[in-house]
Structures are given as C-alpha cells and as structure tokens.
Amino acid sequence: MWQLFLDLFFPRRSLAGAEGEWITEQERRLLVAHPVIEETADLRRRGIHSLDRLIAASTYADSPLLKKAIRTFKYGRIAALDRELAQFLLKAVPVFSTSEQPVLCPVPLHWVRRFQRGFNQSELLARIVARERGLTVLPLLKRRRWTGSQMKRRRVDRLTAMDGAFCCTAEHPPSFVVLIDDLSTTGATLDECAKALKDAGVERVEGWVIAHDQRVQSM
C-alpha cells in the first residue's frame, strides 16, 4: 500500500526517464560489461602500493548508461538498484574454488555520509555478491575520520585526503579479502583500505568495483 502511494505521487523513472520502473528492459540490455583488470604490477606503476588486484565490470566510456545508474543509486538514494548493479558486477568477477574463497569487505562510509544517504551502497552490493557466490561478508574496516567528497579533487589531493582514514577492526582478519565498492577513480580509497587490512595481517587484498573512471587517474 505504501509503495502504491509513493508511486502515485512520486512515480519511478528509469535511467532514460521512462515512467514506471527504475530500469527498463531496453536499458538493462544496454548495460554491457566491459571488464577492466589491473594486476599488481599495473597498480604499482600508477602508485597503488597495497592493493593486489583491481577488477571493474566496466569503464564509464564503455557503458554510457552506467554513470547514470551509479549516480542514481548513490546520490539519488535509490537502493532498489542494488540488485541490477550487483548482477552487473558479477559478470566480471572470478569464481573461486572452496579452498581459496575470499571474504568480502564493503568499503565503509563515515556515519555522517551514511545518515545522509540512508544506506551504504557498498554493503548492499557486497551482500548480493556474497549470496550469489556463496561467500562471507565481514565489516572489517572502520573510517577513522571524515574525508569529505573526492569528486572534485585532483589526484594528489585524493591521495592525501585518504591517508590513514581507515583502520581494521578485526584482531585476526582472514588472509584473503576482497573490497567491494561502486567506483574506483585514482584508487586512493581502495588502497588505503588495503593498507589498513595488510597492517592488521591480511596477506592479499583485491578490489571489485562496478566501474573504473580512468579519466581521473592523471588529474
């Protein structure tokens, strides 16, 4: 009943503006994954020191509707897009054998940002990916301080802003952790998360994200 009331006065609009649903079947077909994988050597060459591998389902350039979908999900606070975006991510990430399965860790939000948004988009994505792949989600990280928005910062400012922003909350963390987030630009956030995990004893840390915005890397 409550959803019918909301739909009457605040109708759902798709990514292209169609009324009735958050994403249409035609839009869903246009969200095609173009995976981007950066291995350890690639990451080290661009100054990422702790993250061991980064997998993105696509770049903004390769998927025109993807930027709109992520912004609607995160800034439009449309949590209902979590399943669509998690399924998009699942098209790109590997399947692990039982003996080498990682633990998924969502990148944490500061409590102020979580209050403003109403949810942590990384947590929503991690839960769905874990359920589909039979993996475990653990909140291993905590934000130590408010870092503000990274959107309009230059690369050097992004790296400085994230320095020491996270700490690991587990006394005995697992050896293999995968960080889940919606977007990677310079990689500063994922790298600081990986550093905090490795300082606590984690051996390998990967990052899985929906999109990689490569344009920001050299700014």
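None of the figures in this text is laboratory data; all of them are computed from the coordinates on show. Since we're looking at a predicted model, the values are computed, not measured. When we count neighbours, we look across all protein chains shown, and the Cβ atoms used for this are built from the backbone with ideal geometry, even at glycine.
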Note on the range 36-216, DSSP bridge orientation, antiparallel percent to nearest 5 equals 25
Residues whose built amide H sits under 5 Å from the amide H of GLY47, excluding neighbours closer than 5 in sequence, are none
With +1 on the Cβ of every Lys and Arg and -1 on the Cβ of every Asp and Glu, the dipole magnitude of the range 36-216 about its Cα centre, in debye rounded to the nearest 20, is 860
For the range 36-216, averaging the sequence separation of alpha carbon pairs under 8 Å that lie six or more residues apart and dividing by its residue count, the contact order in percent is 30
Residue by residue through the range 43-48, the couplings from Karplus 6.51 cos²θ - 1.76 cosθ + 1.60 with θ = phi - 60°, in Hz, x for Gly and Pro, are 5, 5, 5, 9, x, 9
Non-local residues with an amide H under 5 Å from the amide H of LEU179, with H modelled 1.01 Å from N and Pro and chain starts lacking one, are CYS105, GLU206, GLY207, TRP208
The range 162-194 and the range 106-123 have their Cα centres apart by a whole-number Å value of 15
For the range 25-60, listing GluC sites (Glu not before Pro) in a DSSP loop whose Cβ sees at most 15 other Cβ atoms within 10 Å gives GLU39
Of the listed links LYS68/LYS91; LYS67/LYS198; LYS142/LYS195; LYS91/LYS198, those spanning more than 22 angstrom between alpha carbons are LYS67/LYS198; LYS91/LYS198
Counted neighbours (other Cβ, 10 Å), sorted fewest up, put SER50, SER175 in the order SER175, SER50
GluC sites (Glu not before Pro) in the range 168-217 lying in a DSSP loop, each with at most 15 other Cβ atoms within 10 Å of its Cβ, come to GLU171, GLU203
Karplus ³J(HN,Hα) for the range 130-139 (6.51 cos²θ - 1.76 cosθ + 1.60, θ = phi - 60°; Hz, whole; x = Gly/Pro) runs 4, 5, 6, 9, x, 9, 9, 10, 10, x
